[in-house]
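Notes for the one structure printed next.
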Amino acid sequence: TLSDVVAQWGRSRTKPMDVSRLTRYGCFGFFLNAPMFVMYYALLDRVVDGTVSPGLVNTVIKVCFDQFIWTPFFYLPIFFGVLALWEGKTLPASIEEARERGWGLTPVLISNWKFWFPVVSIAFGLVPPEYRITFNNTCMLVWNTYLSRVQNKDGREDEPRTTPQLQVD
């Protein structure tokens, strides 16, 4: 939610805060993102730590799974799809948005790699598991500000997404 406030203020300080957008982001973080990541990290630790001894190989497996499987085929599609649904889009339109912006090799994923590869490498390699969520959540403030801006664009890099207006002549 704080990251969406930053994204909205960064876009325009003269426009009023979009409270419904802020609510959507807050609900996504509280009801989906937080529980999803707690379960994901616990499962990843249990599976990988149970099969590979701690060290560099363990860290590389976790980073690769996180960046090449979890993020492009689970997290980003869920993020874009759920928020599109909560914006009031139809299910087919929300699925299409999830595919276009979040599924597979997308511009968002490439940006994700630039930011998250170093972060998750530190998180999995150096941060004790009990502090990993806190560490990642701190980094997520920056990343989610970016995601909020991307999610609220209509595909053009320099313009916010707009709702078409009916013109009466």
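Yes/no per residue for (1) assigned to a helix (DSSP H, G or I); (2) closer than 24 Å to Pro35 by Cβ; (3) modelled with pLDDT under 85:
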{"site": "Arg101", "(1), (2), (3)": "yes, yes, no"}
{"site": "Lys114", "(1), (2), (3)": "yes, no, no"}
{"site": "Val120", "(1), (2), (3)": "yes, yes, no"}
{"site": "Val127", "(1), (2), (3)": "no, yes, no"}
{"site": "Arg132", "(1), (2), (3)": "yes, yes, no"}
{"site": "Val142", "(1), (2), (3)": "yes, yes, no"}
{"site": "Arg149", "(1), (2), (3)": "yes, no, yes"}
{"site": "Glu157", "(1), (2), (3)": "no, no, yes"}
{"site": "Val168", "(1), (2), (3)": "no, no, yes"}
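Regarding Phe74, is this residue under 21 Å from Val38 (Cβ atoms) and either in contact with a strand residue (DSSP E or B) (Cβ under 8 Å, 6 or more places away or on another chain) or open to solvent by 50 Å² or more (accessible area, probe 1.4 Å) (or both)? Even if it seems obvious, please write down each step before you answer.
Details: under 21 Å from Val38 (Cβ atoms): yes; either in contact with a strand residue (DSSP E or B) (Cβ under 8 Å, 6 or more places away or on another chain) or open to solvent by 50 Å² or more (accessible area, probe 1.4 Å) (or both): yes.
Taking the combined requirement at face value, the residue satisfies it.
Any chance segment 45-65 includes a residue that's assigned to a loop (DSSP other than H, G, I, E, B), hydroxyl-bearing (Ser, Thr, Tyr) and without any contact (Cβ under 8 Å) to a residue 24 or more places away in the chain? I'd like the intermediate steps shown before the answer.
Taking segment 45-65 first, the residues assigned to a loop (DSSP other than H, G, I, E, B) are 52-55.
From what's left, hydroxyl-bearing (Ser, Thr, Tyr): 53.
Going one step further and asking which of them are without any contact (Cβ under 8 Å) to a residue 24 or more places away in the chain, we end up with 53.
Among the residues of segment 45-65, at least one is assigned to a loop (DSSP other than H, G, I, E, B), hydroxyl-bearing (Ser, Thr, Tyr) and without any contact (Cβ under 8 Å) to a residue 24 or more places away in the chain, which makes the answer yes.
Looking at the structure I just gave you, is Ile95 surrounded by fewer than 17 Cβ atoms within 10 Å (Cβ to Cβ) and in a helix (DSSP H, G or I)? Write out each step before concluding.
Numbers: surrounded by fewer than 17 Cβ atoms within 10 Å (Cβ to Cβ): no; in a helix (DSSP H, G or I): yes.
Here the answer is no, as Ile95 does not meet what is asked.
Can you tell me which residue in segment 117-147 is nearest to Val48 (Cα to Cα), limited to those that are of a type in the set (Phe, Trp, Tyr) and in contact (Cβ under 8 Å) with a residue 24 or more places away in the chain? Quick ask: steps written out before the conclusion?
Kept after step one, since they are of a type in the set (Phe, Trp, Tyr), are these residues of segment 117-147: 117, 124, 131, 135, 143, 146.
Remaining after also requiring in contact (Cβ under 8 Å) with a residue 24 or more places away in the chain: 117, 124, 143, 146.
Details: Phe117: 18, Phe124: 11, Trp143: 26, Tyr146: 30 Å.
Among residues in segment 117-147 that are of a type in the set (Phe, Trp, Tyr) and in contact (Cβ under 8 Å) with a residue 24 or more places away in the chain, the one nearest to Val48 (Cα to Cα) is Phe124.
Name the residues in segment 81-92 that are without any contact (Cβ under 8 Å) to a residue 12 or more places away in the chain, under 19 Å from Gly26 (Cβ atoms) and either open to solvent by less than 40 Å² (accessible area, probe 1.4 Å) or not in a loop (DSSP other than H, G, I, E, B) (or both), would you?
Leu85
I need a count of the residues in segment 103-112 that are assigned to a helix (DSSP H, G or I) and closer than 29 Å to Asp49 by Cα.
Within segment 103-112, the subset assigned to a helix (DSSP H, G or I) is 107-112.
Still in the list and also closer than 29 Å to Asp49 by Cα: 109-112.
Selection size over segment 103-112: 4.
The values are calculated or read from the model by the stated rules, or taken from the named source; none is laboratory data. Fair warning: this is a prediction, and the values are worked out from it, not measured in the lab. Note that we place each Cβ from the backbone using ideal geometry, even for glycine, and neighbour counts take in every protein chain shown. In case anyone asks, the SASA skips ligands and DNA or RNA and just uses the protein heavy atoms, side chains included. Shrake-Rupley method; radii C 1.70, N 1.55, O 1.52, S 1.80 Å.
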